[in-house]
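Step one of this worksheet: look at the structure below.
Derivation of every value follows stated rules applied to the coordinates shown; laboratory data play no part. It should be emphasised that the depicted structure is a prediction, and the values quoted were computed from it without experimental measurement. Virtual Cβ from ideal backbone geometry, glycine too; neighbours counted across all protein chains shown.
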Amino acid sequence: MSSDKIAVYPGSFDPITMGHVDIVERGLRVFDRIVIAVAVNTTKTGLFTLEERKALIEKTFENYPNVEVALFEGLLVDFLRIRNIKSILRGLRAISDFDYEFQIAGMNNTLCPDVDTVFLMTSQKYYYISSSVIKEVARFGGNIAELVPAPVYEALSTRFAKVK
C-alpha cells in the first residue's frame, strides 16, 4: 500500500478555469498526487463532451507528473473506494459555495466515513470566476485569455467562432 497522500478533485470542469488550476497547484502543496475526476453532471448540458474536457485538462497539466485526469459517473464515494483514495479536494469561492459544499461533504462522509474533504479558498484574483460565467463571456466575444488555460482559450475561441 502506497503512503502517498492522494486527493480527488471532482467536478464537471466545463471548462476548467484558472481558478481550478489554482486549487490544483495549491493542493499539490498538501497532497503528493491529485486525481482530477471529471464527472457527468446530470443537471447541466455540457458545452464540451467528457472526452473533450478530459483532453483539455490533460493538456493543461501535461507538465505535472503528479496530476492524473479520470472520468467518472455516479457517486464520488464509489470512485474513491475503487481507487482506494481517502481525501476529496474542493475549492471555495464564496459563502454560497460553502453551504453547498458543506452539505455534499457531509453526505460523502455519511456514505463513506473514512473519507475527508479538504477545502481550499480560491485565490482572491479568481474568486469571481466560474465555468458558467466564462462560457457566457466567451460566447459574446469577451476577453477571457487570462482566466482560462491556453488550451481552453483556444477551444472556446474555436467553438464560439462557429456560432458567430
### Task
Using only the Cα atoms of region 74-164, build the gyration tensor, take square roots of its eigenvalues as a ≥ b ≥ c, and label the shape rounded, prolate or oblate: rounded if a/c is under 1.5, else prolate if a/b is larger than b/c, else oblate.
prolate
### Query
Hey, what angle do you get for helix 150-163 against the long axis of the chain, alpha-carbon based, 0 to 90 degrees rounded to 10?
50 degrees
### Environment charge at R26 (Cβ cut-off 15 Å; Lys +1, Arg +1, Asp -1, Glu -1)
+3
### Over 24 Å [Cα-Cα, the chain], rounded percent
33 percent
### Task
State the answer as a single residue: which of G91, T42, A105 lies farthest towards the positive end of the charge dipole of the chain, with beta carbon charges of +1 for Lys and Arg and -1 for Asp and Glu, about the Cα centre.
T42
### Query
Could you give the dipole magnitude of the chain about its Cα centre, charging the beta-carbon of Lys and Arg +1 and that of Asp and Glu -1, in debye to the nearest 20?
320 debye
